[in-house]
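The values are calculated or read from the model by the stated rules, or taken from the named source; none is laboratory data. All values reported here derive from a predicted model rather than from experimental measurement. Here Cβ is always computed from backbone atoms with ideal geometry, including for glycine, and neighbour counts include all displayed protein chains. The area values use the complete protein model at the heavy-atom level, side chains included, leaving out ligands, DNA and RNA. Shrake-Rupley method; radii C 1.70, N 1.55, O 1.52, S 1.80 Å.
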Amino acid sequence: MPREPLHPVARPLGRLHDGPLDVIGDVHGEIGALTALLGHLGYCSDGSHAEGRRAVFVGDLCDRGPDSPAVLDLVMDRVRRGLAQCVLGNHELNVLLGEPKHGNGWFFDRNHELAGGEFLHSRAATPDRRAAWTGFLESLPLALERDDLRVVHACWDAPALASLQRVIGESTGYGELHARFDREIRARLRERGVAARAAREVQAHRHAFKRRDARLPMLPACAEEATERQNANPVKLITSGAESRSERPAWAGGRWRMTARSRWWNEYREPPTVVMGHYWRLDARANPSEVTGDWDYPLGDYGPYEWMGPLGNVFCVDFSVGGRYAERARGGIPPYQTRLAALRWPERELQFDDGERRRL
């Protein structure tokens, strides 16, 4: 028999299950919110549903919350038994790349959060589970679709998905693909002299880059470099969205950024509905300064429960539960400003982890 690859890889674009679905927003390790939400949606403890509904997760299962391992185990089990589906988010991609980021120290042998005293509540990974999760994440599609519905973590981009379909191989992981595209992009940036200019900008302001209280000017070469490395890499584009140069530097995710999130949904004119996560949507009860911080909020042209785009068929189902750790640290108690939500399809209803259901 042919040997199976160490990390079996799904095609970037997969087929959504038929029938009624519950599309669940970014969970970010909040296992309590997830189990409460699944209960309100009518799921049994084994993942089955009396009405034959199935859950679809938009990615960002892990990081920041108290128990990413429990969330990953739950979703992995239900996906493998055909009771749920899931697409890859940018936080899962960071894990596959082995990149230490804000909130993901729980995954690594050397937890980079410990020195700063952050996320000390987060349950740590064990070596055996880490290997199992990595294989599972490599098997996930980047996007799912059927005739009436599309699900993606951050950005539906048909050319990017098509380019990935052409190059991915049975033994090629998303981390390898990301690295391949990034090498090609970096080579172009070096040829144009952008990389050298960006390096000089960073060197000139090196003492300010890791300080949130620093006054940092716009660095044009850094902005150009970051924009191209984001938008020209299809793996990154789909999992964390398109970006453009920002009007001013912003501190987000533990670092200074020279880019802002592009509103791709305002250009989406295809009939199938798109449901995404990623963008930290503000609930009606949320205080923007406490939830989104200083970074740009690209959904601000729309209300908290409004459909987006020229056809009104794009919806962000991420209601910022990834910030609940900070809310608790400030002494917050229920009802939280941050919530975990699911879009019930085809009913077009929002179900929240606190039990509220809202018709859209």
Assuming Trp295 fulfils every condition listed in (1) modelled with pLDDT of 95 or more; (2) assigned to a loop (DSSP other than H, G, I, E, B) apart from one, which condition is it?
(1)
Under 8 Å by Cβ, and 6 or more places apart or on different chains, what pairs join a residue from the stretch 133-153 that is more than 17 Å from Val71 (Cα to Cα) and part of a helix (DSSP H, G or I) with one that is polar (S, T, N, Q) and modelled with pLDDT under 95?
none
Given the structure, is Ser68 at negative phi and in contact with a Gly (Cβ under 7 Å, 6 or more places away or on another chain)?
yes
Residue check, Arg357 modelled with pLDDT under 95, more than 19 Å from the chain's Cα centre (by Cα) and open to solvent by 10 Å² or more (accessible area, probe 1.4 Å)
no
Does at least one position in the stretch 76-97 carry a residue that is open to solvent by 40 Å² or more (accessible area, probe 1.4 Å), basic (Lys, Arg), in a strand (DSSP E or B) and under 25 Å from Leu16 (Cα atoms)?
no
Count of the stretch 87-128 residues which are at pLDDT 95 or above and of a type in the set (Lys, Arg)
1
Is there a residue being more than 25 Å from Ala250 (Cβ to Cβ), touching a strand residue (DSSP E or B) at 6+ places or on another chain (Cβ under 6 Å) and surrounded by 12 or more Cβ atoms within 10 Å (Cβ to Cβ) anywhere in the stretch 333-341?
yes
Looking at the stretch 69-107 only, could you name the residues that are of a type in the set (S, T, N, Q) and within 14 Å of the chain's Cα centre (by Cα)?
Asn90, Asn94, Asn104
Could you tell me which residue of the stretch 268-304 is least open to solvent (accessible area, probe 1.4 Å), considering only residues that are under 16 Å from Ala326 (Cβ atoms) and free of Cβ contacts under 8 Å to residues at least 12 places away in the same chain?
Pro288
Out of the residues in the stretch 134-193 that are acidic (Asp, Glu) and more than 25 Å from Pro298 (Cβ to Cβ), state the one that is least open to solvent (accessible area, probe 1.4 Å).
Glu138
Hey, any hits in the stretch 119-129 for a residue that's assigned to a helix (DSSP H, G or I) and buried (at least 21 other Cβ atoms within 10 Å of the Cβ)?
no
Over the stretch 302-323, the set of residues more than 16 Å from the chain's Cα centre (by Cα) and outside any strand (DSSP E or B) is Tyr302, Gly303, Pro304, Tyr305, Glu306, Trp307, Gly309, Pro310, Leu311, Gly312, Asn313
Could you check the stretch 231-289 and list, in sequence order, the residues that are charged (D, E, K, R) and more than 30 Å from Arg344 (Cα to Cα)?
Arg245, Glu247, Arg248, Arg255, Arg257
